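Colleague: Have a look at the structure that comes next, please.
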Amino acid sequence: MSAPLELTDGWTLSVSDASRGVPPHVRAALPIAATVPGTVHTDLLAAGLIPDPYLDTNELSLDWIGRAEWIYERDLPRLPAADALAPALAFDGLDTVASISVDGVEIGRTANQHRRYEFALGSALDVAGPHRLAVTLHSAWDHAQEREARLGAMPNAYPAPFPHIRKSACNFGWDWGPTLVTAGIWRSARLLGTAPRLADVEVTATVEDAHGAVRIEARAVGTAGAGWSIRAVVGGEAAEDVVGAGETVALRVELDAPRLWWPRGLGAQPLYDVRVQLRDPNGRVVTEHETRVGFRSLALDTEPDEEGTPFTFEINGVNLPIRGVNWIPDDCFPSRITEERLRERLAQAADANVNLLRVWGGGIYESDTFYGICDELGLLVWQDFLFACAAYPEDEKLAAEIEAEARDNVQRLREHPSLVLWNGNNENIWGWFDWDWQPRLGDRGWGLTYYLKTLPAIVAELDPSRPYWPGSPYSGTMSVHPNAPAHALTHIWDVWNDVDYTVYREYRPRFASEFGWQAPPTWSTITASIRDEPLTQTSAGMLHHQKAHDGNGKLERGLSRHFAVPDDFTHWHFAMQLNQARAIRLGVEHFRSLRPLNSGTIVWQLNDCWPVTSWSAIDGYGRKKPVWYALRAAYAPRLLTMQPRGDGLVLAVTNDGGDAWREPFTARRVRFDGTVLATHTSRFAVDRFSGTTLPLPDDIARPDSAAEEVVEVVTGAGARALWFFAEDRDLAYEAPRMTVSVGRTGGGVVEVDVTAHVLMRDVTLFPDRLAPEAESDSALVTLLPGQRHVFRVVGVPEGREEQLSRHPVLCSANDLVTR
């Protein structure tokens, strides 16, 4: 078999003479070696020509990169002179406005980061080589601003012309991301035509009544003469048909009773290898395309009911509650995201009891590797089409690009069983209703045609077994406000922006697809990326790495309702991280307690693209913030929580598992010194995928002294929930008193054994203060007097173990109130 020639080596990077603003030292050093896949930023960084844009305020000095015109070049070999081979150049991703030439002759142009391109070479390489390939990347700024000047500015959330270009919107800056407008050959490039090949291979799997089918379409290129065939093999079954040069065949392979693919926690994720082979007249395999599929049924219930409009996924006949997180690009320079890094990040999501990731519409369509790992882990994927927080022009040129982009990505991704939804846009329909767009737009198109006509038609044609929804938020009809909580999808942002996080309890959303709360990144991430002296919450670097409007003000106003705002940076940092964890846990637990009214939550956000104060659970260097541990607890498949209802308290029991949950429990009202004031025992029984609430008696739910009492509920198997009657700043915490012993065990684990002598709330270790990669297995642990917990920590250097027992590595809410 003969594979295409991967064009990864031998590239150089230079800048055009016409580019302005390029520093003299950079221009003098060019050309330099270039990496493909890669970006201009990362090549310049590798050559030592620019500072790291993630550090301090370096971002501000690098704006010229996105405004220059860059040229990637390399030699190409001579190809055999065989007309049937149809030599071509294939690019899986060009960022963004490019012209491609061979030996100075232009063979193609692009204007879309989000789609694949193939350019025929014809006879261009039929003469003695080598030949020179050049990819010129024109300024994305210039392209977008020229269109904006011609078509008119479009309303959007940020002062940049990103709606006018099919490029990652967050490249132009977001409320969690820097303005780093990239250019580059950011995905693979290949030379085709060195041998007969397969093209346009499309694979889809369906299952109905325990019967599976895989449909394969593929085109043969370079197959001169008769006797060629395409054969598909799936799970030991095969189908084959003859094919002529340039022809497409459609094959169907059927399997009886294939094993079903299940979301994580409900079953296994069997994947079936699919091999599509091009065979010559002698039956020899010339080339082969390999992929994997899974079999599962899928439906989305949005039929109106007495409460409004549900939004419920049904997979393999099960109404599946969603425990989701929003996903943004994991790096501003996606070519740096390795398979290892993706596996780590997606495992972090899975370990937090997440079962769905929403790939947000202001970023990118992720790599095949991303979706393949989700297939393996049983992580569902909700895929936005790439429109976010803006009105988008509907001119003919952009509309054609959008259609080509959508077709390309639907065809590329539809083979993945993890993919369960195509979503038209992020917040754009909401924007048209509420963000003062209508006077500025007049009668101009703003994207609604894409969301209600273009995109659903493409999904219906190319991926009819998978549901499409026009936007998030969207109520299901333009006659009902798109962010109405009773109807389908709701985004809840007034809580973070304007009020206290306890206001989450005033919402009753059918499905909350965005809500979140900010906090700074981990200590080691801050100190690795910001070198302010002194380092404070208002030092230059910290403020630069806070992109939200009035972000620190919102952090402090949100904290002040619960704690006094600390002056010193160490306590401020912990307080903000603790408050984020409290906010997300309260919101998620409240929404889940509404089951079956509420069928899902998608927290904003799992990850970051650089080191920044943001809503993420995993910071820009891949480290877990305390909110990750809070999310893991709130997303437990079996959740026990107490919620205020009316004048009392209820025990809310939510069961996302496939088996009924039946247990006895004991509720105690306890004084902070450990004195038991009231006890109640009972039991609950909750069916699978459902929830219930049980009122707690008044002697449990009503305190004698709100400032010094807590309710603890514990089940027979050890599940636990706590309820405090007042805010931390009003509680009678004592100064921390606990016995802490520290010792190493096997495998590099350090055990930190903590026994409380007073009520100790949200005890948390920050081992990354000792070593950047050190991590604890648990956090936010609340102990009543006499209770014990063992933290297990990895990555702590020899000789520094005892520091795990001392502040600021060991912290608690008590520190913030009693210091």
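The values are calculated or read from the model by the stated rules, or taken from the named source; none is laboratory data. This structure is a prediction, so every number in the text was calculated from the model and none was measured. With ideal geometry, Cβ positions are generated from the backbone for all residues, glycine too; neighbour counts draw on all protein chains shown. Quick note on the areas: whole protein, heavy atoms, side chains included, nothing else; ligands and nucleic acids left out. Shrake-Rupley method; radii C 1.70, N 1.55, O 1.52, S 1.80 Å.
Colleague: I need a count of the residues in region 691-716 that are open to solvent by 60 Å² or more (accessible area, probe 1.4 Å) and within 15 Å of Val670 (Cβ to Cβ).
Modeller: Selection size over region 691-716: 4.
Colleague: In region 31-57, how many residues are under 19 Å from Arg67 (Cβ atoms) and in a helix (DSSP H, G or I)?
Modeller: Number of matching residues: 6.
Colleague: Here's a follow-up. When you go through Ala774, Ala756 one by one, which is the residue that is without any contact (Cβ under 8 Å) to a residue 40 or more places away in the chain and crowded, with 23+ Cβ neighbours inside 10 Å?
Modeller: When all the criteria are applied, what remains is Ala756.
Colleague: Considering only residues that are of a type outside the set (A, V, I, L, M) and closer than 17 Å to Pro4 by Cα, look in region 276-290 and name the one that is nearest to the chain's Cα centre (by Cα). Working first, answer last.
Modeller: Let us first name the residues in region 276-290 that are of a type outside the set (A, V, I, L, M), namely 277, 279-284, 287-290.
The next check asks that each one be closer than 17 Å to Pro4 by Cα; those that pass are 277, 279, 287-290.
Values: Gln277: 34, Arg279: 40, Thr287: 35, Glu288: 32, His289: 28, Glu290: 26 Å.
Per the criteria, the residue is Glu290.
Colleague: Of these, Arg595, Arg561, Arg531, which one is touching a residue at least 40 places away in the same chain (Cβ under 8 Å), touching a Gly at 6+ places or on another chain (Cβ under 6 Å), open to solvent by 10 Å² or more (accessible area, probe 1.4 Å) and among the charged types (D, E, K, R)?
Modeller: Arg595
Colleague: Exactly one of (1) under 26 Å from His143 (Cα atoms); (2) surrounded by fewer than 23 Cβ atoms within 10 Å (Cβ to Cβ); (3) over 14 Å from the mean Cα position of the chain (by Cα) is unmet by Glu376. Its number?
Modeller: (1)
Colleague: Looking only at region 38-51, how many residues end up being of a type outside the set (A, V, I, L, M) and open to solvent by 50 Å² or more (accessible area, probe 1.4 Å)?
Modeller: Residues meeting the conditions: 2.
Colleague: I would also like to ask the following. From the list Gly795, Gly743, Gly747, which one is touching a Pro at 6+ places or on another chain (Cβ under 8 Å) and open to solvent by 20 Å² or more (accessible area, probe 1.4 Å)?
Modeller: Going through Gly795, Gly743, Gly747 in turn, just one is touching a Pro at 6+ places or on another chain (Cβ under 8 Å) and open to solvent by 20 Å² or more (accessible area, probe 1.4 Å): Gly795.
Colleague: Can you pull out every residue in region 185-199 that is in contact with a Phe, Trp or Tyr (Cβ under 7 Å, 6 or more places away or on another chain) and assigned to a loop (DSSP other than H, G, I, E, B)?
Modeller: Ile185
Colleague: Within the set of pairs 6 or more residues apart or between chains, which connect a residue that is free of Cβ contacts under 8 Å to residues at least 24 places away in the same chain and part of a strand (DSSP E or B) inside region 311-327 to a residue that is open to solvent by 10 Å² or more (accessible area, probe 1.4 Å) and of a type in the set (A, V, I, L, M, F, W, C) with Cβ atoms less than 6 Å apart?
Modeller: Final answer for the pair search is Glu314/Ala299.
Colleague: Does region 140-159 hold any residues that are open to solvent by less than 10 Å² (accessible area, probe 1.4 Å) and part of a loop (DSSP other than H, G, I, E, B), and which are they?
Modeller: Within region 140-159, Pro155 is the sole residue that qualifies.
Colleague: Scan Leu677, Leu722 and give me the residue that is under 29 Å from Ile322 (Cβ atoms), surrounded by 13 or more Cβ atoms within 10 Å (Cβ to Cβ) and not hydroxyl-bearing (Ser, Thr, Tyr).
Modeller: Leu722
Colleague: Looking only at region 451-496, count how many residues are of a type in the set (S, T, N, Q) and within 30 Å of Gly553 (Cα to Cα).
Modeller: Matching residues across region 451-496 total 3.
Colleague: Mind telling me which of the residues Trp228, Trp186 ends up being open to solvent by 20 Å² or more (accessible area, probe 1.4 Å) and among the aromatic types (Phe, Trp, Tyr)?
Modeller: Trp228
Colleague: Of everything in region 494-514, what is open to solvent by 40 Å² or more (accessible area, probe 1.4 Å), of a type outside the set (Val, Ile, Thr) and assigned to a loop (DSSP other than H, G, I, E, B)? Give them in sequence order.
Modeller: Selection gives Tyr507, Arg508.
Colleague: Against the condition more than 34 Å from the chain's Cα centre (by Cα) and over 30 Å from Thr369 (Cβ atoms), how does Ala245 come out, does it pass?
Modeller: It is true that Ala245 is more than 34 Å from the chain's Cα centre (by Cα) and over 30 Å from Thr369 (Cβ atoms).
Colleague: Identify, from the list Thr613, Thr570, Thr525, the residue that is among the hydroxyl-bearing types (Ser, Thr, Tyr), in contact with a Pro (Cβ under 9 Å, 6 or more places away or on another chain), under 25 Å from Pro808 (Cα atoms) and open to solvent by 10 Å² or more (accessible area, probe 1.4 Å).
Modeller: When all the criteria are applied, what remains is Thr570.
Colleague: Taking region 286-312, which residues are modelled with pLDDT of 95 or more, farther than 20 Å from Glu376 by Cα and in contact with a strand residue (DSSP E or B) (Cβ under 7 Å, 6 or more places away or on another chain)?
Modeller: Ala299, Leu300, Asp301, Thr302, Gly308, Thr309, Pro310, Phe311, Thr312
Colleague: I've got another one for you. With under 26 Å from His491 (Cα atoms) and open to solvent by 10 Å² or more (accessible area, probe 1.4 Å) as the only criterion, which of Trp422, Trp435, Trp360 stands out?
Modeller: Trp435 is the lone residue from the list that is under 26 Å from His491 (Cα atoms) and open to solvent by 10 Å² or more (accessible area, probe 1.4 Å).
Colleague: Further question: Taking the options Thr204, Thr182, name whichever one is in contact with a Ser or Thr (Cβ under 8 Å, 6 or more places away or on another chain), part of a strand (DSSP E or B) and not hydrophobic (A, V, I, L, M, F, W, C).
Modeller: Result of the check over Thr204, Thr182: Thr204.
Colleague: Taking strands (runs of 3 or more DSSP E) that fall entirely within region 680-747, which contain at least 1 residues that are under 26 Å from Ser593 (Cβ atoms)?
Modeller: Because the criterion is at least 1 residues that are under 26 Å from Ser593 (Cβ atoms), the strands (runs of 3 or more DSSP E) in region 680-747 that meet it are 690-695, 709-715, 720-724.
Colleague: Do we have Ala406 as surrounded by fewer than 18 Cβ atoms within 10 Å (Cβ to Cβ) and in a helix (DSSP H, G or I) here? Let's see the steps before the verdict.
Modeller: Working: surrounded by fewer than 18 Cβ atoms within 10 Å (Cβ to Cβ): no; in a helix (DSSP H, G or I): yes.
No; evaluated as a whole, the condition is false for this residue.
Colleague: Assess whether Ala28 counts as being exposed (fewer than 14 other Cβ atoms within 10 Å of the Cβ), of a type in the set (Gly, Ala, Ser) and not in a loop (DSSP other than H, G, I, E, B). Let's see the steps before the verdict.
Modeller: Numbers: exposed (fewer than 14 other Cβ atoms within 10 Å of the Cβ): yes; of a type in the set (Gly, Ala, Ser): yes; not in a loop (DSSP other than H, G, I, E, B): yes.
Considered against the rule, which asks whether it is exposed (fewer than 14 other Cβ atoms within 10 Å of the Cβ), of a type in the set (Gly, Ala, Ser) and not in a loop (DSSP other than H, G, I, E, B), Ala28 comes out as yes.
Colleague: Filter region 284-303 down to residues that are without any contact (Cβ under 8 Å) to a residue 40 or more places away in the chain and part of a loop (DSSP other than H, G, I, E, B), then give me how many there are.
Modeller: Summing the residues that are without any contact (Cβ under 8 Å) to a residue 40 or more places away in the chain and part of a loop (DSSP other than H, G, I, E, B) in region 284-303 gives 2.
Colleague: Select, from Ser472, Ser479, Ser465, the only residue that is in contact with a Ser or Thr (Cβ under 7 Å, 6 or more places away or on another chain), hydroxyl-bearing (Ser, Thr, Tyr) and open to solvent by 20 Å² or more (accessible area, probe 1.4 Å). Please lay out each step first, then the result.
Modeller: Numbers: Ser472 fails: open to solvent by 20 Å² or more (accessible area, probe 1.4 Å); Ser479 fails: in contact with a Ser or Thr (Cβ under 7 Å, 6 or more places away or on another chain).
After ruling out the rest, the residue left standing is Ser465.
Colleague: On the basis of being crowded, with 21+ Cβ neighbours inside 10 Å, of a type in the set (S, T, N, Q) and either farther than 21 Å from Gly620 by Cα or out of contact with any Pro (no Cβ under 7 Å at 6 or more places or on another chain) (or both), does Gln518 make the cut?
Modeller: When the stated conditions are applied, Gln518 passes them.
Colleague: Kindly indicate which of Asp75, Asp56 is surrounded by fewer than 20 Cβ atoms within 10 Å (Cβ to Cβ), touching a residue at least 12 places away in the same chain (Cβ under 8 Å) and in contact with a helix residue (DSSP H, G or I) (Cβ under 6 Å, 6 or more places away or on another chain).
Modeller: Only one candidate passes the filter, namely Asp56.
Colleague: Quick one: how many residues across region 494-513 are touching a residue at least 40 places away in the same chain (Cβ under 8 Å) and either out of contact with any Ser or Thr (no Cβ under 7 Å at 6 or more places or on another chain) or closer than 21 Å to Leu55 by Cβ (or both)? If you could, list the steps in order and put the result at the bottom.
Modeller: At the first step, the residues of region 494-513 found to be touching a residue at least 40 places away in the same chain (Cβ under 8 Å) are 495-497, 500-502, 504-505, 507-513.
Cutting the leftovers down to either out of contact with any Ser or Thr (no Cβ under 7 Å at 6 or more places or on another chain) or closer than 21 Å to Leu55 by Cβ (or both) gives us 495-497, 500-502, 504-505, 507-508.
Number satisfying all stated conditions: 10.
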